[in-house]
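J.: After the structure tokens below, expect a handful of questions from me.
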Amino acid sequence: MKVVITHSLEENLLTRFDEIIVLKSGEVAEKGTFEELMEKKEYFYSLYVWSGVWQNVGWDAIVYIAALAGVSSDQIEAAKI
């Protein structure tokens, strides 16, 4: 078994792993394959979607959109990574 710790949320990297363990505040929030985590549409999904938006439009746009959508501040902070 190999273990990789990454903050990268690039799909071409994440789809290579048999299991992804998502941490939130030092605790396991979710685990599964990339596809499973995306289907659940929970914490990992939010991180993945918001990080993609951030990379394309910039952080200021994310904060504005998140405020309009009522996204929690911990999800915004987590996506900032």
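J.: Just need a number here: residues in the range 26-81 that are surrounded by fewer than 12 Cβ atoms within 10 Å (Cβ to Cβ), under 21 Å from I5 (Cα atoms) and at pLDDT 85 or above.
T.: 4
J.: May I ask you to list the residues in the range 9-18 that are in a loop (DSSP other than H, G, I, E, B) and surrounded by fewer than 10 Cβ atoms within 10 Å (Cβ to Cβ)? Don't jump to the end; show me each part of the working.
T.: Applying the first criterion (in a loop (DSSP other than H, G, I, E, B)) to the range 9-18 yields 9-10, 15-18.
Listed by number, the residues that qualify are R16, D18.
The values are calculated or read from the model by the stated rules, or taken from the named source; none is laboratory data. All values derive from a computational prediction rather than experimental measurement. Because the Cβ atoms are built from the backbone with ideal geometry, glycine has one as well, and the counts that use them run over all protein chains shown.
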